[in-house]
1. Work out, step by step, the length gained on full extension between residue 79 and residue 32: first 0.36 nm times the residue separation, then minus their alpha carbon distance; give nm to one decimal.
2. Leaving ligands, DNA and RNA out of it, report the carbon-plus-sulfur percent of the accessible area of the range 52-92 at a 1.4 Å probe.
3. Taking every pair of alpha-carbon atoms in the range 22-64, what share in percent sits in each 10 Å bin, from 0 to the bin with the longest distance?
4. In square angstrom, rounded to the nearest 10, how much accessible surface does residue 57 have for a 1.4 Å probe?
5. If we sort 38-45, 78-85 on the protection proxy, mean other Cβ atoms within 10 Å, highest first, what's the order?
6. Within the set of other residues whose C-beta is less than 14 Å from the C-beta of residue 58, count the net charge using Lys and Arg as +1 and Asp and Glu as -1.
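The values are calculated or read from the model by the stated rules, or taken from the named source; none is laboratory data. Treat the numbers as computed from the prediction; the structure is a model and nothing was measured. Every residue, glycine as well, gets a Cβ built from its backbone with ideal geometry; the counts of neighbours run over all protein chains shown. Side chains included, ligands, DNA and RNA excluded: accessible areas come from the protein's heavy atoms. Shrake-Rupley method; radii C 1.70, N 1.55, O 1.52, S 1.80 Å.
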Amino acid sequence: MGSLAIGWGALGYGDLATAGFVGAAILAFIRQARGLGLSLEAISEILSLAENEAPCSRTNALLDQRLDEIDRAIADLTHLRATITAAKQAPARTDGVRCRVIEHANIN
């Protein structure tokens, strides 16, 4: 994973007198990006690109990847929900210590 250290020029500030403000702006950006589910590695990449160019194209690509991850997670959770619902409808086992609901759940 890359470092999140970037130059102050990344946000358009050239002198260290504004370092506190810039540091706060970078932290706010990092919090916002993490809230969107971006990894620290992706955020570091965006901040590094911002030193030389507007990173919007790459940022959009990273957000598209994040949306794909979310869609896969939703599909997996939807499948899991259906599996649990179907398993609960299986007849209960009355003997032993095991539960037929879990034993016969189709988790493939």
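1. Details: separation 47, 0.36 × 47 = 16.92 nm, distance 3.04 nm.
Working it through step by step, the gained length comes to 13.9 nm.
2. Working: 1880 of 3260 Å².
Percent of accessible area from carbon and sulfur atoms in the range 52-92: 58.
3. That works out to 30, 62, 8, in percent per bin.
4. Near enough 100 Å² of accessible area.
5. Details: 38-45: 17.4, 78-85: 11.4.
Averaged packing, sorted descending, gives the order 38-45, 78-85.
6. On the way: positive: 66; negative: 41, 45, 51, 53, 64.
Value of the local net charge: -4.
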